[in-house]
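Q: Let me give you the structure first, and then I'll get to my questions.
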Amino acid sequence: MRGLFLALALALTPLPNLPWIPSGSEIRIVSADLLTVYVVWQVNDRDMILQSKVPAPVGREVRVLFKVGDGYRPPYNGTTTLRGDVSLQIEGERVSLNELLTRTYRLNLPNGRVLPEVR
């Protein structure tokens, strides 16, 4: 029960080092070695505008980068999941990037997911 409560609390809490995501910010989902860029989103008010995309296979280890202002925040580790989501590892718990962006940061995701589905 404690683990469930912690997971829920983390899903509704902003990420460490990222209290908010202002307009003009950029969100990138890249490979673990930082060489392949899967998705780039530009934040415009509360809308996420897709800049580029490359399908990422399910189960692939990725890094999520947030560019806020003049620089990037430290990367967050995650794994791609079914239905175009990224499961982030935050303080020992798994947190959905889709839920984090829509519920915590109140951003509008086209199609409700951060990654294109791989079929």
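The values are calculated or read from the model by the stated rules, or taken from the named source; none is laboratory data. Everything numeric in this text was worked out from a predicted model, so none of it was measured. With ideal geometry, Cβ positions are generated from the backbone for all residues, glycine too; neighbour counts draw on all protein chains shown.
Q: If you scan the range 65-74, which residues turn out to be in a strand (DSSP E or B) and surrounded by 15 or more Cβ atoms within 10 Å (Cβ to Cβ)?
A: Of the range 65-74, the ones in a strand (DSSP E or B) are 65-68, 71-72.
Those that are in a strand (DSSP E or B) and surrounded by 15 or more Cβ atoms within 10 Å (Cβ to Cβ): L65, F66, K67, V68.
Q: Something else: Taking V62 as meeting all but one of (1) in contact with a Leu (Cβ under 7 Å, 6 or more places away or on another chain); (2) surrounded by 15 or more Cβ atoms within 10 Å (Cβ to Cβ), write down the number of the exception.
A: Single failed check for V62: (1).
Q: When V68 is evaluated against the numbered criteria (1) within 13 Å of the chain's Cα centre (by Cα); (2) touching a residue at least 40 places away in the same chain (Cβ under 8 Å), which criterion, by number, is the only one it fails?
A: (1)
Q: Please work out which one of (1) without any contact (Cβ under 8 Å) to a residue 60 or more places away in the chain; (2) closer than 13 Å to L15 by Cα is the condition D85 fails and give its number.
A: (2)
Q: Let me confirm something: among L82, L50, which residue is surrounded by fewer than 18 Cβ atoms within 10 Å (Cβ to Cβ) and farther than 23 Å from R106 by Cβ?
A: Values: L50 fails: farther than 23 Å from R106 by Cβ.
Testing whether each residue is surrounded by fewer than 18 Cβ atoms within 10 Å (Cβ to Cβ) and farther than 23 Å from R106 by Cβ leaves just L82.
Q: Could you tell me which numbered condition G78 fails, if it satisfies all but one of (1) in a helix (DSSP H, G or I); (2) modelled with pLDDT of 95 or more; (3) of a type in the set (G, A, S)?
A: Of (1) in a helix (DSSP H, G or I); (2) modelled with pLDDT of 95 or more; (3) of a type in the set (G, A, S), only one is false for G78: (1).
Q: Hey, another quick one. Inside the range 87-113, can you point out the residues that are part of a strand (DSSP E or B) and either modelled with pLDDT of 95 or more or under 13 Å from P16 (Cβ atoms) (or both)? Give the derivation first.
A: So in the range 87-113, the residues part of a strand (DSSP E or B) come out as 87-90, 93-96, 108.
Across the range 87-113, the qualifying residues are S87, L88, Q89, I90, E93, V95.
Q: Are any residues in the range 8-64 closer than 16 Å to T80 by Cα, assigned to a strand (DSSP E or B) and either at pLDDT below 90 or not basic (K, R) (or both), and if so, which ones? Before the answer, list the steps.
A: Residues of the range 8-64 that are closer than 16 Å to T80 by Cα, as a first pass: 27-34, 36-40, 53-64.
This time we only want the ones that are assigned to a strand (DSSP E or B), so: 27-31, 37-40, 53, 61-64.
Matches in the range 8-64: I27, I29, V30, S31, V37, Y38, V39, V40, K53, E61, V62, V64.
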